[in-house]
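Have a look at the structure below, then the notes.
The values are calculated or read from the model by the stated rules, or taken from the named source; none is laboratory data. Keep in mind that this is a model prediction, so the values were computed, not measured. A quick note on method: Cβ atoms are made from the backbone with ideal geometry, for glycine too, and the neighbour counts reach across all protein chains shown. With ligands, DNA and RNA removed, areas are computed over all heavy atoms of the protein, side chains included. Shrake-Rupley method; radii C 1.70, N 1.55, O 1.52, S 1.80 Å.
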Number of protein chains: 4
Amino acid sequence: MNKKIKVGIVGANGYAGAEVLRLIAQHPLTELSVVTSRAQLGKKVSSAFPALPCDLDFSDASDPLLKKCDVVFTALPQTAGASLIGELIDAGVRVIDLSADYRFTDIATYERTYGVTHPRPDLNKLAVYGLCEVNRQKIKSAQLVANPGCYVTSVLLPMIAACKATKISGIIADSKSGVSGAGRKADEAYSYCTLDENFKAYGVFTHRHAPEISEKLGQSILFTPHLLPIKRGILSTVYFEADDPAAAQNALKTAYKDEPFVSYTDTLPEIAHVAHTNRCMFSARFDGNRGIVISVIDNLLKGAAGQAVQNMNIMFGFDETSGLPIYAPI
Amino acid sequence: MNKKIKVGIVGANGYAGAEVLRLIAQHPLTELSVVTSRAQLGKKVSSAFPALPCDLDFSDASDPLLKKCDVVFTALPQTAGASLIGELIDAGVRVIDLSADYRFTDIATYERTYGVTHPRPDLNKLAVYGLCEVNRQKIKSAQLVANPGCYVTSVLLPMIAACKATKISGIIADSKSGVSGAGRKADEAYSYCTLDENFKAYGVFTHRHAPEISEKLGQSILFTPHLLPIKRGILSTVYFEADDPAAAQNALKTAYKDEPFVSYTDTLPEIAHVAHTNRCMFSARFDGNRGIVISVIDNLLKGAAGQAVQNMNIMFGFDETSGLPIYAPI
Amino acid sequence: MNKKIKVGIVGANGYAGAEVLRLIAQHPLTELSVVTSRAQLGKKVSSAFPALPCDLDFSDASDPLLKKCDVVFTALPQTAGASLIGELIDAGVRVIDLSADYRFTDIATYERTYGVTHPRPDLNKLAVYGLCEVNRQKIKSAQLVANPGCYVTSVLLPMIAACKATKISGIIADSKSGVSGAGRKADEAYSYCTLDENFKAYGVFTHRHAPEISEKLGQSILFTPHLLPIKRGILSTVYFEADDPAAAQNALKTAYKDEPFVSYTDTLPEIAHVAHTNRCMFSARFDGNRGIVISVIDNLLKGAAGQAVQNMNIMFGFDETSGLPIYAPI
Amino acid sequence: MNKKIKVGIVGANGYAGAEVLRLIAQHPLTELSVVTSRAQLGKKVSSAFPALPCDLDFSDASDPLLKKCDVVFTALPQTAGASLIGELIDAGVRVIDLSADYRFTDIATYERTYGVTHPRPDLNKLAVYGLCEVNRQKIKSAQLVANPGCYVTSVLLPMIAACKATKISGIIADSKSGVSGAGRKADEAYSYCTLDENFKAYGVFTHRHAPEISEKLGQSILFTPHLLPIKRGILSTVYFEADDPAAAQNALKTAYKDEPFVSYTDTLPEIAHVAHTNRCMFSARFDGNRGIVISVIDNLLKGAAGQAVQNMNIMFGFDETSGLPIYAPI
């Protein structure tokens, strides 16, 4: 067995950070060195989260152990991680950032979308967009990986393949996400009694993942997110027109045929087929030029922590599936 | 207090029929005379369904009491109710049919959609399409009312208003329904473990409600249904282009302003706002010519049994809200 | 039709108060005059709660209209309603209080249980414990009714009947409640992601409903509440020993046989049989002297708002079932 | 890395068998050789179950590959596996049986409980009861392991520890299980609409797990199971009296202190703390001699497939945690 790499996690109180913790704690090739959380500072992980029987204490983001890590996952709110990430990069630590800060090639789009000034345009130039199956080569040597948005991943994986094969236009992504996508919240809007037996749309015409999808596809798209009464999972129903539908269909079927985590399926995929796994499954139907893709992921795994760990596996030359589930539980 | 009308329900074992039973049993102006079910024949209603403390015994569709009713609700599979409905109409009994048999003006469309020969084209001519707020005048004197489909109702109420105001094109209805829409089933595909924490699309390009919506709107539309892990409720996200978006927006806001059951809302409506009520709530957002309507109903009430009882209220000159909930529970 | 009585609701932002509002707004014999909420002060009810299409504005508890009501429902935290209730009683307004303040005959038990000084021992003497089926005669003329606790109602209805028939000992009530029992909360402990697919016990040996049950049964009991991942409903599994099990069984079967809302059932009752109704259903099994009762109610209806309205119906001589559902939806 | 052992799974269509398949397919020290299912015979696993991307075809129980396995998991209905298990044992294959056939030392109790004649009393003598933490030494060399019942495991782990420390009497186990405990079913009683937002008791005084618990504890106990509207997980609330409560408390706290999968917790454990893991967590509260234990497991993992794989790990000298999750997802 090789020497394990040392891993730090910054912002492990949030759902994505906590899922990174869960995956890393059980990963055969890593050693969890340090986890930070302002909210849980000083507590033992297993005391704060009985579901996570880890003996480490939460420290804060100034913990010097972070700079001794081989890789640090940062899961902080927009712009909050900028100076830390800069210091880590300077110290030679590779960083996988789960915020949106480094996802955009075009900084103006980022600033308009998030209503902030970009904290580190210099780092943005270093960053590789961590959509694993599409950018694998660049990820291998990246010092800073920007982990893609959850909705974004569900739409991009099939649609990048289709767009390479023929001209695709009029894209509408009608997406539905489980509640964990909203993060850990003490908010009546996310209370059990508000969301159980309920369903709603939100962010109509205004959600921040629309510009991210648009930039990566190179075309304006329409995106409507909805909130499902489930904990985990995203299903995106993507409507579009294809100049050459047969080419689009063929690309969708074959583009990822050798990938362990991405697969085309003849039958329509369901969220339960991928929940608790790092997989993306999709299918397509065509009627003339009109196409519909149904794509599913687990928002916290392939849509966040799982893809982040997959990026780590790529960056460190591990088997890409190490520590990542591909079989979904009942 | 007026003399109560006598009501019969045929097919009260199914979810829609059982909900009609529940509403009628508690309606201030009706007397429940007879309920039929082949599956529950001879059992007392309260024995078959502990949730429904009704002392009647289930009889079958040949029960002579049916012809002594003022109105009979028929909730049978496609074509199965044809001869009975004919006999009831002949006997002067008014009928509200919850199947799809009499919903289509164009019989060829019906036959193509359901893969059957229309059992009674003669009755089809008599039938009034029971979309209450739109066809109220005709419903008043109808002898046979065809109760609209559940998905259909959620889409038609807003879109008929918009289409009257301006040219609307490119309609895509992405709809999501609770599981009760599938009916009472002993089927692993509808088991708790299959559907809990799950979500899926089905009937892509092929669902039978698409032709019903298309006929009533007078244009071809694209419709994709999905299955929500909730018991009741539909949310339809309807994408379209409007020649005159201001006119469309205005029509959506004002068309139903005096209606007790239908309302435009500035904030986005959620399924929980209308579940367990007979209401339809919708809202709209526009970006240039592109419009999005979010519309919600309870599939078993405004989408089935509630609208059926509303039709009865109209037919018999009752207050239209009699016996129909408009306040949603927590 | 008689002149309708005027009703006020104090604390209509909470779940129990909002459910009273929903019931009263649709009750055939009441006129809703005033609703108060500090949290929603000045907002129209329908703006604060799109599910409740009521045109009234929320006022505060000093609203002079309250004293012009025939009856006021108070749903405030412990002790917070004391001075208002005193003023209302002085003004001749009858009050139905949903807090625990006036539920105990023994004030010392109340004070020990809730860790407060009783605000109005004088009013406590006036109060009638509003367990409708048991105290109906006293409720008729009561000026102040103390509405029973939710868990308490599910246990007392069967166990009072059994205890009247024979000596019952060793009572253990293992109860399970839906989340709405905890009230409207912005608290991560009640968030969707915390409670979905989860289940837990709480308040072991310490829950405040234990002394309420004990006082009414005249014996010490053991009570363990649990939190179900559903919105509404309580199921209590009550273990006990009966000196004369046949007498206990007979009493359970017959005690409420003429009651519209309470019934013994041979098959085991389920929460869905009574959710969204004002019913209590229970069944019993015996093995020698050992007995087990399974009892179900809707915690917000028979366990709170429904029983409160039933109390109002009794107090004003209305049909006891007026405005109260007895059929459960699918 | 050692040579992997060859594993067969008989009855992989059921939930427990499918979970064994999922665990084994991702276990670092096993090679999945053969999976059988009458219902899915001839289908590729990944076609029958899109959630399980396994390329094997389902064969039937006569598949000769079974006898070439190092270990076979049998997950068949009561008595159905008897002749196969006999043949496997004769062929030197070690067997982990998930049915109840070999769980009882006393065959008469088994026969009375399951209403059958024991198919193989000879094999019953060989069988070791696979409660890992209690019978580890015997399991190491066992040829046939009888995997314990799910409810049983949640009760036995804490109560065996308590019973060793002092006299425990009057045990009542009030247990609540997720729906997967009932197995894969096409049955309206287990449909989504029947169970969502519902909760019920069943098998009062008659459930088959009561005699299993009683035999292992050496005393008669009272057991009431309930059905939770969740997919996975069991919480047992166990009431009892302890001669020496301090001794009981101490034993509960320390008995498993070095175990990776079993832990005492000061705060009350919840199902979500252990769902999707192989852990059992419990806590206890005492009031005089009266004690209450709250114990949680995942019914499909520590209660079935996970404990089965843990047994395999013990039998083959693997690290006992190999391939078994101990961190619970959000």
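Okay, here's what the table says:
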| quantity | calculated |
| --- | --- |
| Cα-Cα P(r), the stretch D:221-288, percent of pairs per 10 Å interval | 17, 45, 33, 5 |
| Proximal charge balance of residue B:153 [Cβ under 12 Å; K/R count +1, D/E count -1] | +1 |
| Counting all C-alpha pairs of the stretch B:21-89, share separated by more than 19 Å (%) | 34 |
| Residue list for the stretch A:76-91, given a label point 7 angstrom along the Cα-to-Cβ vector of residue A:116 and an amide N cut-off under 17 Å | A:76-88 |
| Entries in B:44/B:125; B:67/B:125; D:3/D:67; A:67/D:257; A:253/B:185 that, when Cα-Cα distance is taken, lie over 26 Å | B:44/B:125; A:67/D:257; A:253/B:185 |
| The protein assembly as shown, dipole about Cα centre (Lys/Arg Cβ +1, Asp/Glu Cβ -1), debye to the nearest 20 | 0 |
| Qualifying trypsin sites (Lys or Arg not before Pro) in the stretch A:1-41, DSSP loop, other Cβ atoms within 10 Å at most 14 | A:3, A:4, A:38 |
| Cα gyration tensor category, rounded, prolate or oblate, for the stretch A:183-322 with a/c compared to 1.5 | oblate |
| Surface/4 of the Cα convex hull for the stretch C:49-131, nm² | 6.7 |
| Estimated FRET transfer efficiency (residue A:3, residue A:254; beta-carbon r; R0 41 Å; 0.05) | 0.60 |
| Highest-fluctuation residue, B:51, B:91, B:61 considered, GNM on chain B with Cα pairs under 10 Å | B:51 |
| Longest to shortest principal axis, alpha-carbon extents of chain A, angstrom | 59, 46, 43 |
| Nearest-ten-degree value, helix C:306-315 long axis tilted from longest Cα axis of chain C | 70 |
| Estimated dipole of the stretch D:156-223 in Debye, rounded to 20 [Cβ of Lys and Arg +1, of Asp and Glu -1, Cα centre] | 340 |
| Formal net charge of residues neighbouring residue B:187 (Cβ-Cβ distance under 13 Å; K, R +1; D, E -1) | +1 |
| Acute angle (nearest 10 degrees) that the helix D:15-25 long axis makes with the longest principal axis of chain D, alpha-carbon atoms | 70 |
| Relative contact order for the stretch B:1-142, counting Cα pairs under 8 Å that sit 6 or more residues apart, in percent | 19 |
| Relative contact order of the stretch B:194-248, pairs being alpha-carbon contacts under 8 Å that are 6 or more residues apart, as % | 38 |
| For chain D, calculated [θ]222 nm from helices alone, where every DSSP H run of n ≥ 4 adds -39500 (n - 2.57) | -8000 deg cm²/dmol |
| Listed residues C:69, C:130, C:116: farthest to the positive end of the dipole of chain C (Cβ charges) | C:69 |
| Rounded FRET efficiency, nearest 0.05, which uses the C-beta distance separating residue D:167 from residue D:266 and R0 of 25 Å | 0.50 |
| Whole-number percent relative contact order across chain A, with pairs defined as alpha carbons under 8 Å at least 6 apart | 17 |
| Occluded residues from the stretch C:281-330, i.e. those whose accessible area drops by 40 Å² or more once the chain is not alone (1.4 Å probe) | C:290, C:292, C:327, C:329, C:330 |
| Farthest positive-ward along the stretch D:182-311 dipole, Cα basis, beta-carbon charges - from D:198, D:310, D:226 | D:310 |
| By accessible area with a 1.4 Å probe, ligands and nucleic acids excluded, highest first: order of D:163, D:54 | D:163, D:54 |
| Dipole magnitude (debye, nearest 20) for the stretch A:120-167, charges at Cβ of Lys, Arg, Asp, Glu | 140 |
| Computed E for residue B:91/residue C:316 - FRET, C-beta separation, R0 45 angstrom, nearest 0.05 | 0.55 |
| Among C:268, C:131, C:156: highest mean-square fluctuation, GNM of chain C, C-alpha pairs under 10 Å | C:268 |
| Cross-link pairs beyond the 22 Å C-alpha cut-off, checked among C:4/C:231; A:167/A:216; B:43/C:302; A:4/A:68 | C:4/C:231; B:43/C:302 |
| Average accessible surface area per residue within the stretch A:180-237, 1.4 Å rolling probe, Å² | 28 |
| Accessible surface buried upon C-D contact (total; probe 1.4 Å; Å², nearest 100) | 3000 |
| Euclidean distance between Cα centres, the stretch D:25-44 to the stretch A:227-283, Å | 25 |
| Label-to-label distance, nm, for residues given as residue B:140 and residue D:136 (7 Å Cα→Cβ offset) | 8.3 |
| Number of partner chain Cβ atoms within 10 Å, mean per residue of B:43-51 | 4 |
| For the protein assembly as shown, share of DSSP beta bridges that run antiparallel, in % to the nearest 5 | 50 |
| Between the stretch A:155-216 and the stretch D:121-148, the Cα center-to-center distance that results, in Å | 50 |
| Cα gyration tensor shape for the protein assembly as shown, rounded if a/c is under 1.5, else prolate or oblate | rounded |
| Rounded if a/c under 1.5, otherwise prolate or oblate - the stretch B:127-230, Cα gyration tensor axes | oblate |
| Max mean-square fluctuation residue, GNM over chain B, Cα-Cα springs under 10 Å, options B:215, B:259, B:270 | B:259 |
